Every structure is written in C-alpha cells, then in structure tokens.
Amino acid sequence: MSYDFHVGQKVVCINDTFKHVSIDQLIRKGTIYTIRWVGEYTHYVDGTFIGVKLEEIHRGNDDGPEGYGAADMPYRATRFRPLVEDKIASLRKLLAPTPDAPVEKGKKVRKTEKV
C-alpha cells in the first residue's frame, strides 16, 4: 500500500487497537486528525516504518512502565487513511480515461462535461 500523506492533510483513524499495550494511545477509530509531520521513523523495538504525528495529539515522552523512551513517537501511517470529503468525485476519477491509456479503435471518447 502506498502512503501519499502530507503535512496539513486531514486523515481518519482506521485502527486504534494496540496489541500488548495497556496504556491509552489517544487515537480513536473514526476520528478525523490533521497531519503535522510525516516521514520514516526507526524505533529500536518496532523497527522502521512510515509514521505520522498529529496536530491534535502530542504524545510526549514514552517513558511509562511499558514505554520505550521515545519522545513524541509517531503513529504508523497504516492506522490512517486520507479523509475523502466528496466520495463520488473520487469514484469518478476511477472511471475517467487516463492520458496514457490508449483508446480502443471504434470507441468514442466522451468529452468532459462541467456540472
């Protein structure tokens, strides 16, 4: 899966379940957040992953009983998806012909209409 996130983008949490962690991780499934940082992050236990930090949550130091000592550790990007405000428009993009796609012989190409 590709993650094309950017700072300022609205995202929706799709996974707020953390295995083997009893401390509240602050994110909630279905809640909308704003990205304040995105990038590759390496953690000595969790390895390397694409992470995001959220405007609405500053995690502080992870130095509790189950903590790993990380400061403001990002969440995995896999826990979020981009917010789609106009769901129909995103589906229209799937149906639109791409400039690189060849047009089959004998098929008419419909012109784009402004609605």
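Laid out as a table, the results:
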{"item": "Cα-projected label distance for residue 21 with residue 42, points at 7 Å along beta-carbon direction, nm", "result": "2.1 nm"}
{"item": "For the range 10-95: relative contact order, % (alpha-carbon pairs under 8 angstrom, 6 or more apart)", "result": "29 percent"}
{"item": "Summed side-chain charge close to residue 27 - residues other than residue 27 whose Cβ falls under 12 Å, Lys, Arg +1, Asp, Glu -1", "result": "+3"}
{"item": "At q = 0.16 Å⁻¹, base-10 log of I(q)/I(0) for the range 10-95 (Debye sum, equal scatterers on each alpha carbon)", "result": "-0.67"}
{"item": "In Å, descending, principal axis extents of the Cα set of the range 1-48", "result": "30, 25, 21"}
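Where a number appears in this text, it was derived from the coordinates with a stated rule and is not lab data. Computed from a prediction, not measured in an experiment: that's the story for all the values here. Positions of Cβ are backbone-derived with ideal geometry, glycine not excepted, and every protein chain shown enters the neighbour counts.
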